[in-house]
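Enquirer: Structure provided below as structure tokens; questions to follow.
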Amino acid sequence: MALVRTNWAGNVTFKASGVARPTTIDELREVVAGADRVRAVGTGHSFNLIVDTTGRLVSLADLPQAIDIDPVNQTVTVPAGMRYGELVTRLDAAGFALHNLASLPHITVAGAVATATHGSGVNNGNLATPVCALEMVTGSGALVSLDGEALAGAAVSLGALGIVTKLTFRLAKTFEIMQYVYDDVPREDVNEILSSGYSVSLFTDWRTPRRVNQVWRKCLPGEQNAWTGGTPADGPRHPIPDMDPVTTTQQLGVPGPWHERLTHFRLDHTPSAGDELQSEYFVPLASAEDALSALDPIAERIAAVLQISEIRTVKADNLWLSPAFERDCLAIHFTWVKDPAAVGEVIDLLEERLAPFDPRPHWGKLFHRRPALHEGFVALMDRYDPDGKLRNDFMAAIVQSGETPAPSGMAR
């Protein structure tokens, strides 16, 4: 009987026959070598079938969690199953930092890197961009290390090349950030707002034409007065109206360590109960105003099934499967109500309206439009997993027909 296990949101039920939790790399190699089908699973924060398999899921949570900081070369080697929230405090204590963080510190390092998960900032790449080496177990059970040019194809891999066991990141020196929130901001010059701080997010419910509910500016010292638009919030805010801001990171311009400001939510609180669905699309940053305006005619349809939408930026990179591959991007994120059929209809409308801007979906969210695979990636899959152990319906559909399978109940 297949194991009944769902993702965090509960909209996907995995078909896996079981979950392996190896405690050593050798055990992991044995699991992979002996499996017919296998996929790695992290904290389950993906909303589609990217992790699903008819074979075994593998959790890396029980592998040793030691990190190795190299202060001379300013790098850190991290176990793949570690959550960002557990990594960042150790880095900061040693005087180092990562360049950026996603909104949630609860996600695993390997899962975020494999799907090109990101924070915000016109000069900040996604969370895979500082990776300078990785180690993984291939489909045959072999342990291989990759660095240099190989990472262009292997860093953002969707879990299809092997089960990553550790990653090495380039580090920055630790720094402070001040977080400011502004209410009811006109959407007059999106690019100006998004470039007004180190990391900037716009939150909107799409209910008020050409206005956003909140702007969150995460600023370095000296940046805090670089933008004068909007009304400063008179207290802490949660991105979703009427939700308790106790789960959010410190606001009101109070200086603090990078890792306590770059995320939106605190590790010691659960930001929500998972009663949601999510989608996200990346369009060229140069087309930001036009792309958002293209969605205005369907704003009422969006708002009807929306909890909140977040608008961010991601710097261009050279990673083959990154949605920001070779172009600076505007990332338009949607946190939906948990109504798969109604949300699916709006996803179709979104993709139709954004089609002129060549939208690229976030690999871990819900989407219908055919995503593009770099022409060299299938060759890498064949090289590192010739028997197809790491392939699943999600990957097979993309490779063979370009159609992404949706969870049960998702309208197509």
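Enquirer: Identify the residue in region 301-312 that is in contact (Cβ under 8 Å) with a residue 60 or more places away in the chain and either part of a helix (DSSP H, G or I) or aromatic (Phe, Trp, Tyr) (or both) and, among all such residues, is surrounded by the fewest Cβ atoms within 10 Å (Cβ to Cβ).
Expert: As a first pass, look at region 301-312 and keep what is in contact (Cβ under 8 Å) with a residue 60 or more places away in the chain: 302-303, 306-312.
Applying the additional criterion that residues be either part of a helix (DSSP H, G or I) or aromatic (Phe, Trp, Tyr) (or both) yields 302-303.
Numbers: 302: 21, 303: 15.
For region 301-312, the residue satisfying everything is 303.
Enquirer: Answer yes or no as to whether residue 44 is among the small types (Gly, Ala, Ser), out of contact with any Phe, Trp or Tyr (no Cβ under 7 Å at 6 or more places or on another chain), crowded, with 16+ Cβ neighbours inside 10 Å and under 23 Å from residue 394 (Cβ atoms). Break it down into steps so the answer makes sense when it comes.
Expert: Values: among the small types (Gly, Ala, Ser): yes; out of contact with any Phe, Trp or Tyr (no Cβ under 7 Å at 6 or more places or on another chain): no; crowded, with 16+ Cβ neighbours inside 10 Å: yes; under 23 Å from residue 394 (Cβ atoms): yes.
No.
Enquirer: Quick one: in region 75-95, which of the residues that are in contact with a Gly (Cβ under 9 Å, 6 or more places away or on another chain) and in contact (Cβ under 8 Å) with a residue 60 or more places away in the chain is farthest from residue 24 (Cα to Cα)? If you could, list the steps in order and put the result at the bottom.
Expert: Initially, region 75-95 is screened for residues in contact with a Gly (Cβ under 9 Å, 6 or more places away or on another chain), giving 80-81, 83.
The next check asks that each one be in contact (Cβ under 8 Å) with a residue 60 or more places away in the chain; those that pass are 80, 83.
Working: 80: 13, 83: 18 Å.
So the residue we want is 83.
Enquirer: Hand me the list of strands (runs of 3 or more DSSP E) wholly inside region 164-280 holding 1 or more residues that are in contact with a Cys (Cβ under 9 Å, 6 or more places away or on another chain) and closer than 18 Å to residue 105 by Cα. Spell out the reasoning first.
Expert: Values: elements: 176-186, 199-204, 211-219.
In region 164-280, the matching strands (runs of 3 or more DSSP E) lie at 176-186, 199-204.
Enquirer: Something else about it: Is there any pair with a first residue in region 174-195 that is surrounded by fewer than 19 Cβ atoms within 10 Å (Cβ to Cβ) and a second that is small (Gly, Ala, Ser) and not in a loop (DSSP other than H, G, I, E, B) whose Cβ atoms are under 7 Å apart and which are 6 or more apart or on different chains, and what are they?
Expert: So the pair list comes out as 174/97; 175/97; 176/256; 191/288.
Enquirer: Starting from residues that are closer than 16 Å to residue 310 by Cβ and in contact (Cβ under 8 Å) with a residue 12 or more places away in the chain, keep the ones in region 244-267 and report whichever is surrounded by the most Cβ atoms within 10 Å (Cβ to Cβ).
Expert: Taking region 244-267 first, the residues closer than 16 Å to residue 310 by Cβ are 245, 247-249, 251, 262-265.
Applying the additional criterion that residues be in contact (Cβ under 8 Å) with a residue 12 or more places away in the chain yields 247-249, 251, 262-265.
Values: 247: 15, 248: 22, 249: 23, 251: 21, 262: 28, 263: 25, 264: 25, 265: 20.
Once the filter is applied, the top-ranked residue is 262.
Enquirer: If a residue has to be crowded, with 24+ Cβ neighbours inside 10 Å and part of a strand (DSSP E or B) to count, how many in region 16-41 make the cut?
Expert: 4
Enquirer: In region 92-110, which residue that is among the small types (Gly, Ala, Ser) and either surrounded by fewer than 23 Cβ atoms within 10 Å (Cβ to Cβ) or outside any helix (DSSP H, G or I) (or both) is nearest to the chain's Cα centre (by Cα)? Show your work before the answer.
Expert: Step one: filter region 92-110 for residues among the small types (Gly, Ala, Ser), giving 93-95, 97, 102-103, 110.
Narrowing the set further to residues that are either surrounded by fewer than 23 Cβ atoms within 10 Å (Cβ to Cβ) or outside any helix (DSSP H, G or I) (or both) leaves 93-95, 97, 102-103.
Details: 93: 25, 94: 26, 95: 25, 97: 19, 102: 7, 103: 9 Å.
Looking at the filtered set, the residue picked out is 102.
Taken together, the values in this text are just the output of simple stated rules run on the coordinates, not laboratory data. Here the structure is a predicted model, which is why all the values come from computation and not from measurement. All Cβ positions, even for glycine, are placed from backbone atoms using ideal geometry, and neighbour counts span all protein chains on display.
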